Amino acid sequence: MRIDAITLFPEWVASLECYGVVGRGLRERRLTLAAWNPRDYTDHPTRRVDDRPYGGGPGMVMQAEPLARTLSVVRQARGMDDAPVLLMSPQGERFDHAWAQRLADGPGCVLVCGRYEGIDQRFIDYHVDASVSAGDVVLSGGELPAMMMIDAVARLLPGVLGDSRSAIEDSFVHGLLDYPHYTRPEASALGAVPPVLLSGDHARIMRWRRKQALGRTWLHRPDLLAQPGLSVEQQALLDEFVDEYRFDGCG
Ligand code: SAH
């Protein structure tokens, strides 16, 4: 899988190569990452790629032409595959686990990072397949959303995480939040580890974790529970969690 990013700050995006799951994905040859600077594809003597907005108003707008030229070089480098061109935009569809999984299952993508007031609409209309948002907030550029997406996709690629079970048990993968985690020491000034986790009884541990995952989702993201509906077994576990929660008066 290959991800290309078009950005005025290619070194920033490329720095992902040195760290964590993206670094491992590259070393394991599961992922290819390349970052391209539109300033390298303009005829302007000072490599300028932005101009004032027609109609007036504040700020600058990224010009379509250098972006289109950069994209055609990226297309050639990719071997003219049909990977989608995704614009980072606060106006786009919210990026989530389903997006990351779809991208991880495909040939990759070309991520276009805007700056300033944004990008000339003609480039978007002509070249962009979908716009993707990091959330309902405006950032000063598309680089952080692009890096977030690259990280999220890389950790879903087979062989990239140290233990592939980690990705399967994470939040959202099964439509629930993750269960709580504990590690050494067994007892500390902050409290004790739930005894079931020390029992060595794997069936009980699994049941406890499933119950906690359901309970946390009920507490923090009830919207997720509404989606596919719960099985009879899940509903029973959740009822148990809710009873205990109400009895204890805490999570
Ligand atoms: N004027 C635009 C915001 C421009 S911010 C508007 O109000 O819609 C400059 C660039 O940062 C955008 O072109 C986009 O690429 C990026 N960006 C800002 N916030 C973002 C977000 N929440 N998700 C994804 N990209 C974002």
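The chymotrypsin sites (Phe, Trp or Tyr not before Pro) of the stretch 168-250 meeting both criteria, a DSSP state outside H, G, I, E and B (loop) and at most 14 other C-beta atoms within 10 angstrom of the site's C-beta, are Y182. Residues whose amide H lies under 5 Å from that of D50, counting only those 5 or more places away or on a different chain, are Q63; hydrogens are built 1.01 Å from N in the peptide plane. The residues of the chain expose on average 59 square angstrom of accessible surface per residue, using a 1.4 Å probe on protein heavy atoms.
Summarise the accessible area of the chain (1.4 Å probe, protein heavy atoms) by the percent that is carbon and sulfur. Carbon and sulfur together cover 52 percent of it. Stretching H220 away from A98 to a fully extended chain increases their span by 42.0 nm, per 0.36 nm per residue minus the current alpha-carbon distance.
Quick one: go through the stretch 146-177 and flag any residue whose amide nitrogen is under 11 Å from the point 7 Å out along the Cα-to-Cβ line of F9. The answer is 146-147.
Taking label points 7 Å from Cα along the Cα-to-Cβ direction, R30 and R69 give a separation of 3.7 nm.
Close amide H contacts of V85 (hydrogens built in the peptide plane, cut-off under 5 Å, sequence separation of 5 or more or a different chain): V110, D129, A130.
Here the Karplus relation 6.51 cos²θ - 1.76 cosθ + 1.60, evaluated at θ = phi - 60°, turns the backbone of the stretch 211-216 into coupling constants of 5, 5, 4, 5, x, 5 Hz, with x for every Gly and Pro. Exposure check, 1.4 Å probe, all protein chains in place: H97 carries approximately 50 Å² of accessible surface.
What is the stretch 59-161 by shape, rounded, prolate or oblate, if you read a ≥ b ≥ c off the alpha carbon gyration tensor as root eigenvalues and call it rounded for a/c under 1.5, prolate for a/b larger than b/c, and oblate otherwise?
Working: a/c = 2.15, a/b = 1.26, b/c = 1.71.
Oblate.
Simple rule: put +1 on each Lys or Arg Cβ and -1 on each Asp or Glu Cβ in the stretch 169-247, find the dipole, and look at V232, W208, A192; the Cα lying farthest toward the positive end is A192. Only Cα pairs under 8 Å and 6+ residues apart enter the sum, and on that basis the relative contact order of the stretch 2-154 stands at 30 percent.
The values are calculated or read from the model by the stated rules, or taken from the named source; none is laboratory data. Predicted model, so just to flag it, every value in this text is computed and none were measured. Neighbour counts run over all protein chains shown; Cβ positions are idealised from the backbone, glycine included. The accessibility values were calculated without ligands, DNA or RNA, using every heavy atom of the protein model including side chains. Shrake-Rupley method; radii C 1.70, N 1.55, O 1.52, S 1.80 Å.
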